[in-house]
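Below is one structure, written out as structure tokens; comments come after it.
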Amino acid sequence: LQDKLINMKIIVIIVAIIFGIKLEGFDCKIVQFIFGDSLSDVGNNKHLSRSLAQANLPWYGIDMGNGLPNGRFSNGRTVADIIGDNLGLPRPPPVLDASLTEKDILINGLNYASGGGGILNETGTYFIEKLSLDKQIELFQGTQELIRSKIGKRAAENFFREARYVVALGSNDFINNYLMPVYTDSWTYNDETFMDYLIGTLRRQLKVLHSLGARQLMVFGLGPMGCIPLQRVLTTTGNCREKVNKLAVAFNKASSELVDELAKQLPNSNYRFGDAYDVVSDLISNPAKYGFENSDSPCCSFGRIRPALTCVPASILCSDRSKYVFWDEYHPSDSANELIANELIKKFGFSRVDQVASPSPAPSIAPSPQE
């Protein structure tokens, strides 16, 4: 009888351990790890108190959740939000949120993106604080140590190999580095040598991510950054800056070739390149074709004072945010992000990770404060 009781206790303990692991989230869901800049930031810069790249004032986030600023540099969702939702992946929280636990990471993944960040460490230094891609990868290494200590080496290895990875940076390396004479890179390099430097750095970083277990990885290219309102307002004509657009096209070509090269070279890697340049360019050139009315100025602006680099409480909002391609001087609106994300999903035939949950709906547009 005593032996039977002992055996029953052992069984109960084993069952408790198994179910405990499940309840603790150790069954290793497929999650995302996102590396990027302000186009993907979901709140990391909110935790960088000295950073000048901030989206922590109204009217950022007005069309999402409770309508309060949430760290996204938009009125709503990012492209990564929308793609992840459609694939059935959880939205990863910002890595700098001190309240996060290992369980949160196992269930939701992490977002390392930082407004002002670039592939190069020197990019965006005038924002004072930002996370470069090297720093983001360093934080990811810290995440791995944390998860290994929680669930063990083998389980952690499986968790990180099954995860999806997004790398979406590069525009700041041009707009907030190479194209600005305050940075030494602007006079140290020419177009060709700077591109070699940038792609060479990205090659090293993608190899490091592979060595850390990243197998399912998407590198996103640049849109026509010479057509963002900030670049247009710097011209006398208000037209797109074609020199800047040519740099984006050259970067996309070089990084696409790099991703193809690494996909063949690195074992068990599924590395892909996501290029939405053409659809964004067409959207800007022919907004009415896609149901938009304005593609050359920001919805959130400070009257006739241009460029107002961020959206602030005193800014004036356009009457219908769903009809504007750009939210502020730099960043697309939620509606534009949805169109871009859907084009990428269609282009790459992305399939859902789960077949149960449905994607989060697009936010309903809240009334403008002036209405």
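Over all projection directions, the Cα-based convex hull of region 126-185 averages an area of 5.3 nm². With the simple model of a label 7 Å out from the Cα in the direction of the Cβ, LEU146 to LEU234 spans 3.6 nm. Summing charges over all other residues whose Cβ lies under 15 Å from the Cβ of LEU258, with Lys and Arg as +1 and Asp and Glu as -1, gives 0.
Once the Kirkwood radius over Cα pairs is known for region 125-257, the Stokes-Einstein relation at 37 °C and 0.692 mPa s delivers a diffusion coefficient of 195 µm²/s. When only alpha carbons are used to place a centre, region 237-286 and region 115-172 end up 22 Å from one another. Residues whose amide H falls under 5 Å from that of ALA55, counting only those 5 or more places apart or on a different chain, are absent, with hydrogens built in the peptide plane. Separation of the alpha carbons by more than 20 angstrom is noted, of LYS29/LYS153; LYS207/LYS246; LYS135/LYS264; LYS29/LYS150; LYS323/LYS347; LYS103/LYS153, for LYS207/LYS246; LYS135/LYS264; LYS323/LYS347. Proximity of backbone amide H atoms, modeled 1.01 Å from N, is registered between GLY36 and TYR112, ALA113, SER114, ALA168 at under 5 Å, excluding neighbours fewer than 5 places apart on the same chain. For the chain, the antiparallel share of DSSP beta bridges with both residues in that region comes to about 15%. Under 15 Å from a label point set 7 Å out along the Cα-to-Cβ vector of LEU68, no amide N atom of region 78-114 is found. Using 0.36 nm per residue and subtracting the Cα-Cα separation, the extra length available between LEU57 and MET180 on full extension is 41.6 nm. Each residue of region 322-337 was assigned a 3J(HN,Hα) from its phi angle through the Karplus expression (A = 6.51, B = -1.76, C = 1.60, θ = phi - 60°), giving 6, 9, 9, 6, 10, 7, 10, 5, 10, 10, x, 7, 4, 4, 5, 4 Hz with x at Gly and Pro. Compared with the alpha-carbon gap, the fully stretched path from THR188 to LYS246 is longer by 18.9 nm at 0.36 nm per residue. GNM on the chain, alpha-carbon springs under 10 angstrom: the most fluctuating residue among ASN75, ASN268, ASN177 is ASN268. One quarter of the convex hull surface built on the alpha carbon atoms of the chain amounts to 21.2 nm², the projected area averaged over directions.
Assuming R0 = 22 Å, what is the FRET efficiency of ILE128 and ALA314, from their Cβ-Cβ distance, to the nearest 0.05? Once rounded, the FRET efficiency stands at 0.40.
Name the residue, out of SER38, SER285, SER99, whose mean-square fluctuation peaks in a Gaussian network model built on the chain with Cα pairs under 10 Å. Comparing SER38, SER285, SER99 in the GNM, the peak value goes to SER99. Rolling a 1.4 Å probe across all protein chains gives HIS47 an accessible area of roughly 90 Å². Carbon-plus-sulfur accessible fraction, the chain (probe radius 1.4 Å, protein heavy atoms only): 55%. Pick out which of GLY303, GLY117, GLY67 has the largest mean-square fluctuation in a Gaussian network model of the chain, springs linking Cα atoms closer than 10 Å. It is GLY303. Each Lys and Arg Cβ is given +1 and each Asp and Glu Cβ -1; about its Cα centre, region 161-227 then shows a dipole of about 500 debye. Sequence-ordered 3J(HN,Hα) estimates for region 97-102 from the Karplus curve with 6.51, -1.76 and 1.60 and θ = phi - 60° stand at 6, 5, 7, 5, 10, 4 Hz, glycine and proline given as x. Note on ALA263 and ALA98: the model spin-label points, each 7 Å out from Cα along the C-beta direction, lie 4.3 nm apart.
The values are calculated or read from the model by the stated rules, or taken from the named source; none is laboratory data. None of these values were measured; they are calculated from a predicted model. Don't worry about glycine lacking a Cβ; one is built from the backbone with ideal geometry, like all the others, and counts go over all protein chains shown. Heavy atoms of the whole protein, side chains included, go into the accessibility calculation; ligands, DNA and RNA do not. Shrake-Rupley method; radii C 1.70, N 1.55, O 1.52, S 1.80 Å.
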